[in-house]
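Below is one structure, written out as structure tokens, with a few remarks after it.
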Amino acid sequence: MDHFEIAVVGAGLAGSLAALALTDSGRSVVLIAPVPARPDGRTTALMDRSLDLVRQLGLWDAIEPLAAPLSTMRIIDGTSRLLRAPTVTFHAAEVGLDAFGYNIPNAPFLSLLENEAETRPSLTRLVASLAQIEFDANRATLTLNDGRAVTADLVVGADGRKSRVRGAAGINVRNWSYPQSAVVLNFAHQVPHQNISTEFHTPDGPVTQVPLPGPRSSLVWVQKPDAAAATLALSSEELSLAVEQCMQSILGKVTIEGTAQSFPLSGMAAKAFGRDRAILIGEAAHAFPPIGAQGLNLSLRDIMAATSLLSDLPTIPDDFGARYDRKRRADILTRTVSVDLLNRSLLSDFLPVQMLRAAGLQALASVPLLRNLMMHEGLNPGSALQTLHSSLREKIGWQRA
């Protein structure tokens, strides 16, 4: 029975990136997952700090031709409510960056990660499903559906919302649902996007356009489930016109590429993010609606936290899961609650909720310092107070001078 320091279960974007990062940190790693059931037509917007990890792994030169920069991000109130919020625009140049991040198609990104895994001698890839996992004080024993078995000092659960690792570790979850589905597609358009990502806030949820290379963009269109089903049933020409109309024709004529996909929206948070010799990353730990490009970026912070904790440990202790849980809890819960509240505020017909949402967006639109703080916090969680402190010191110093 082969033994590894770390077993990563799940080979999606989060699991594959975790396996590469942990391998490059000097650990022996096994990556366990079956072949994906279907190609992933979605895209992922990786923000500035997440891109640091991608660069550290030596992936950026291969990814850059596939990606489009996000130099400007704006929020447009697409409702017809009495209290409509003003358009809020965030420019990367305001925080000293050329781009907040880059939008990358998932399918070629995953293919690149698969190829990269083959170049790491200390990374073993097992194409199989996890059948059983047992933990004891010293190690975990993982049995695969083809009869093979391996042992590991630490198991990283990157195996999605129905995580077998999470179940075996005895970690419960809190689930909640939304009356929404997300239609995901790519499209070409007549008017250049100028590296601007636009999020329309509608009564049914956000409609988010994110640039791709050339005159192309990806779209996540959140709708009620019946409306999403009707959207998928449209012909290519009808769907192209529907996308153009929902985006208020800001990109001119639209032509849909490929086939649209739909995903029901729900939320989930594990009640612990690690226990004993198991830790959870990605959607094994947290899941929420696609608002503000938070999903995979939160998962990459999971990975960075795990590698940081391991860097000072010659061997992996039996309480590593608890250490990881303490390190990740505040960030994960803060992001989960924030996205949940924003999504529910879009769905609410309660006038005070609409007033609060409109007032918040008005403040962002009209107060540069607040907007700057929000941009820093979005890029680097926990940095807002530090940025505020620095700004106040600068102002005080200028006034004294």
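The values are calculated or read from the model by the stated rules, or taken from the named source; none is laboratory data. Since the structure is predicted, the reported quantities are computational estimates derived from the model, not experimental observations. With ideal geometry, Cβ positions are generated from the backbone for all residues, glycine too; neighbour counts draw on all protein chains shown. Surface accessibility is based on the protein's heavy atoms, side chains included, excluding ligands, DNA and RNA. Shrake-Rupley method; radii C 1.70, N 1.55, O 1.52, S 1.80 Å.
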Worksheet entry | Any chance Leu51 is under 18 Å from the mean Cα position of the chain (by Cα) and among the aliphatic types (A, V, I, L, M) | yes
Fill in: From the options Arg148, Arg120, Arg139, Arg125, residue that is of a type in the set (Lys, Arg) and free of Cβ contacts under 8 Å to residues at least 60 places away in the same chain
Arg148
Discussion item. Of everything in the range 150-164, what is of a type in the set (A, V, I, L, M), open to solvent by less than 10 Å² (accessible area, probe 1.4 Å) and within 20 Å of the chain's Cα centre (by Cα)? Give them in sequence order.
Written reply: Val156
Item to complete: Answer with yes or no whether Val30 is modelled with pLDDT of 90 or more and of a type in the set (Val, Ile, Thr).
Response: yes
Practice prompt. Would you point out the residue of the range 113-149, among those that are among the basic types (Lys, Arg) and either under 30 Å from Trp60 (Cα atoms) or touching a strand residue (DSSP E or B) at 6+ places or on another chain (Cβ under 6 Å) (or both), that is surrounded by the most Cβ atoms within 10 Å (Cβ to Cβ)?
Written response: Arg139
Worksheet entry | Unmet criterion (only one of (1) in a loop (DSSP other than H, G, I, E, B); (2) at negative phi) for Gly147 | (2)
Fill in: Residue list for the range 311-324, filter: surrounded by fewer than 21 Cβ atoms within 10 Å (Cβ to Cβ) and not in a loop (DSSP other than H, G, I, E, B)
Ser311, Ala322, Arg323
Discussion item. Looking only at the range 241-258, how many residues end up being within 15 Å of Val184 (Cβ to Cβ) and open to solvent by 60 Å² or more (accessible area, probe 1.4 Å)?
Written reply: 2
Practice prompt. Scan the range 222-255 residue by residue and report those that are part of a loop (DSSP other than H, G, I, E, B) and of a type in the set (Gly, Ala, Ser).
Written response: Ala233, Ser235, Ser249, Gly252
Worksheet, complete the sentence: When (1) in contact (Cβ under 8 Å) with a residue 60 or more places away in the chain; (2) of a type outside the set (A, V, I, L, M, F, W, C); (3) within 20 Å of Leu20 (Cβ to Cβ) are applied to Gly252, the one that fails is (3)
Item to complete: For the range 260-278, name all the residues that are open to solvent by 40 Å² or more (accessible area, probe 1.4 Å) and either without any contact (Cβ under 8 Å) to a residue 40 or more places away in the chain or under 22 Å from Thr141 (Cβ atoms) (or both).
Response: Arg275, Asp276
Worksheet item: Can you tell me which residue in the range 148-182 is nearest to Ser240 (Cα to Cα), limited to those that are in contact with a helix residue (DSSP H, G or I) (Cβ under 6 Å, 6 or more places away or on another chain) and at pLDDT below 95?
Response: Ser181
Response to the item:
The number of residues in the range 45-77 that are modelled with pLDDT of 90 or more, under 16 Å from Arg301 (Cβ atoms) and in contact with a Ser or Thr (Cβ under 8 Å, 6 or more places away or on another chain) is 0
Worksheet item: When the range 175-215 is examined, which residues are found to be assigned to a strand (DSSP E or B) and more than 27 Å from Ala229 (Cα to Cα)?
Response: Ile196
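Every residue, every condition in (1) free of Cβ contacts under 8 Å to residues at least 24 places away in the same chain; (2) under 30 Å from Phe4 (Cβ atoms); (3) out of contact with any Cys (no Cβ under 9 Å at 6 or more places or on another chain), yes or no:
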site	(1), (2), (3)
Val156	no, yes, yes
Val165	no, yes, yes
Ser181	no, no, yes
His193	no, no, yes
Ser197	no, no, yes
Leu212	no, no, yes
Ala230	yes, no, yes
Glu237	yes, no, yes
Gln245	yes, no, yes
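Quick grid of which residues meet (1) farther than 30 Å from Asp136 by Cβ; (2) surrounded by 24 or more Cβ atoms within 10 Å (Cβ to Cβ):
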{"site": "Pro213", "(1), (2)": "yes, no"}
{"site": "Asp226", "(1), (2)": "yes, no"}
{"site": "Thr231", "(1), (2)": "yes, no"}
{"site": "Leu239", "(1), (2)": "yes, no"}
{"site": "Ile281", "(1), (2)": "no, yes"}
{"site": "Pro289", "(1), (2)": "yes, no"}
{"site": "Leu298", "(1), (2)": "yes, yes"}
Discussion item. Within the range 165-174, does at least one residue satisfy the condition of being assigned to a strand (DSSP E or B) and either closer than 17 Å to Gly321 by Cβ or open to solvent by 40 Å² or more (accessible area, probe 1.4 Å) (or both)?
Written reply: yes
Fill in: Residue selected from the range 1-48 under the condition within 18 Å of the chain's Cα centre (by Cα) and among the acidic types (Asp, Glu), by the criterion surrounded by the most Cβ atoms within 10 Å (Cβ to Cβ)
Asp48
Worksheet entry | Of all residues in the range 86-112 being more than 20 Å from Ala14 (Cβ to Cβ) and not hydrophobic (A, V, I, L, M, F, W, C), the one that is surrounded by the fewest Cβ atoms within 10 Å (Cβ to Cβ) | Gly96
